[in-house]
Amino acid sequence: MLTGKRSPAGAGRPAPAHGRDDSVLLRDADLVLTMDPFYGEGLLGTVERCDLLIREGAIAAVGGRLVAGPDTEVIDVRGKVLLPGFVDAHTHLWQSAIRGRGPALGLYEWFDACVWTVVPRIPPADMYRFVRLSAADALQSGTTTVVDWVPALEYAVSEAYLEAVSDSGVRFVHAAYQEPADAGLAAKVLTGLVAPHPLGTPQVATVAHPDDPDHLRVHAGLARELDVHLNLHLLEHRTDRSADLVARLQEAGGLGPKTLLNHVIHVTAAELDLLAHRGAAVAHCPLSNMRLGTGVMPLREIHRRGIRVGLGQDGGTNDSADMFASMKAAVGLQRAVSLDPAGYPGPEEALYMATMGGARAVGQDDRIGSLTPGKRADVVVLDPAALNLAPLGARPAQIVFGGRPENVTDVFVDGVARKRAGRPTGTDPARLVAEADAAARTLWGGEAGR
Ligand SMILES: [Zn+2]
């Protein structure tokens with residue numbers, strides 16, 4: 001087990017404004033997508049004309065005509081839609097450093113040009129700027145949890161990386177990678193910096209090299225020792241079939257309910273049966289797969305087997321944090337290859353995948369992913385009275401097919417407002433942009449990209 005002691009929930013949260021407690025009442029929402037069938041109708045747990053009360057960072061109540069205390073902040077959300085914050089089940093926050101680069105490269109050429117040669121050249125101060133920019137973009141887009149696969153970093157760079165994540169206020173899973181010989185450094189970061197953070201969850205990151213079984217064995221062992229998830233990219237590229245990677249993962253003791261597998265495109269039916277049998281979860285990253293031309297995840301086969309699926313952005317191979325675009329792509333890709341517009345996932349299932357699906361994939365559905373009283377208050381407010389969403393229609397389909405980050409008016413993470421009335425709180429976006437620009441100039445020497 002991790003030795004780092006988790007702080008009590010809510011520790012590290014900013015003090016409420018003078019004269020108020022930290023409770024917030026979202027009053028009279030037009031529609032609440034709780035993602036909890038116990039509280040509402042259907043898969044999305046839909047409730048109409050409803051209030052939501054946040055207290056001490058948790059969802060205290062969902063229902064009609066809730067009573068506000070004298071110090072409760074009341075926000076009128078008439079006409080708006082509430083839903084849980086999105087869970088980005090797979091990303092790389094540092095990759096704002098490489099947005100738009102390698103636009104015509106395939107996966108492994110892209111790795112060479114944009115990843116392995118780039119990461120070691122980013123000093124701590126600039127790593128802070130890139131990560132801060134990505135985290136702010138995620139929050140303003142309605143993503144409240146990021147599952148971040150982090151490449152091998154020096155300890156000082158890891159400190160800056162995690163300082164940026166912490167300063168942003170986003171909930172985060174930090175999957176730390178190090179070469180097998182340096183696995184102790186990953187353990188130091190996870191136990192010393194991630195586990196004690198009230199919004200942080202540690203994971204061990206690994207890679208499945210066709211020509212090197214050591215990575216899986218060492219990292220699976222570390223994940224078991226720390227009792228955390230193992231997080232890896234698997235069968236993303238067609239050439240990854242040159243070795244029997246799923247069998248190797250199984251042999252290394254790395255295939256179980258605490259395994260998160262990213263992409264899983266070039267997979268056989270027998271391997272999917274094994275993933276289902278072992279209880280592993282997967283992250284689907286449709287925009288990244290489209291960008292790199294790697295293929296289409298057999299999502300319907302995965303769903304049919306009951307495998308948990310979250311939706312991921314995959315950082316710089318997506319170039320944005322727009323979960324609306326990812327939901328739409330998740331629906332569209334399956335339709336494009338199956339020629340069947342009625343199969344999984346439909347818009348409602350895409351919304352579920354982007355919220356509860358991600359929470360389940362990382363084993364946090366007891367705390368996040370739905371607007372269930374008792375869970376942490378990660379809440380998004382959407383305003384459908386916008387040029388791209390009006391007029392009133394089938395709301396889940398409108399959100400998935402037409403929603404955009406700018407329709408997100410308010411975002412709460414652990415009950416703390418990170419976006420209010422359409423503007424990020426506690427940060428200056430123009431400054432984040434200017435600082436990331438300066439860091440990119442240092443990194444790329446003014447080269448615009450190729
Ligand atoms: Zn990735």
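Every read-out reported here was derived from the displayed coordinates using simple, explicitly stated rules and does not represent laboratory data. Computed from a predicted model, the values in this text were never measured in an experiment. Because the Cβ atoms are built from the backbone with ideal geometry, glycine has one as well, and the counts that use them run over all protein chains shown.
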| query | Using alpha-carbon pairs under 8 Å, 6+ residues apart, how would you state the relative contact order of the range 134-196 in percent? | reply | 38 percent
| So what does the Cα-only Debye profile of the chain read at q = 0.08, 0.11, 0.14 Å⁻¹, as log10 I(q)/I(0), no solvent term? | -0.42, -0.83, -1.37
| message | Given a Förster distance of 51 Å, report the FRET efficiency between ALA434 and ALA270 from their Cβ-Cβ distance, rounded to the nearest 0.05. | response | 0.45
| task | Report the one residue of ALA354, SER370, ALA430 whose Cα lies farthest in the direction of the positive end of the charge dipole of the chain (charges on C-beta: Lys and Arg +1, Asp and Glu -1; origin at the Cα centre). | result | SER370
| said: Can you give me the angle between helix 429-444 and the longest principal axis of the chain, using Cα atoms only, in degrees from 0 to 90, rounded to the nearest 10? | reply: 10 degrees
| Ascending count of other beta-carbon atoms within 10 Å, so fewest first, for TRP444, TRP149, TRP110 | TRP444, TRP110, TRP149
| Can you give the relative contact order of the range 86-361 as a percent, counting alpha carbon pairs under 8 Å and 6+ residues apart? | 20 percent
| About the Cα centre of the range 147-214, what is the dipole size in debye to 20, counting +1 per Lys and Arg Cβ and -1 per Asp and Glu Cβ, all else neutral? | 360 debye
| message | Could you check the spin-label model distance between ALA156 and ARG420? Points 7 Å from the Cα along Cα→Cβ, value in nm. | response | 3.8 nm
| query | Once you list every other residue whose beta carbon is under 15 Å from the beta carbon of ARG241, what net charge do they have if Lys and Arg are +1 and Asp and Glu are -1? | reply | -3
| message | Sequence gap of 8 or more, or different chains, plus Cα separation below 27 Å: how many lysine pairs satisfy both in the chain? | response | 10
| Mind checking the dipole of the range 92-231: about its Cα centre, +1 per Lys or Arg Cβ, -1 per Asp or Glu Cβ, Debye to the nearest 20? | 380 debye
| message | Under a Cβ-only charge scheme (Lys and Arg +1, Asp and Glu -1), can you give me the dipole magnitude of the chain about the Cα centre, in debye to the nearest 20? | response | 500 debye
| said: Helix-only estimate, please: 222 nm mean residue ellipticity of the chain, summing -39500 (n - 2.57) across DSSP H runs of length 4 or more and dividing by its residues, to the nearest 500. | reply: -9000 deg cm²/dmol
| Nitroxide proxy distance, nm - points 7 Å out along Cα→Cβ at GLU406 and LEU392 | 2.5 nm
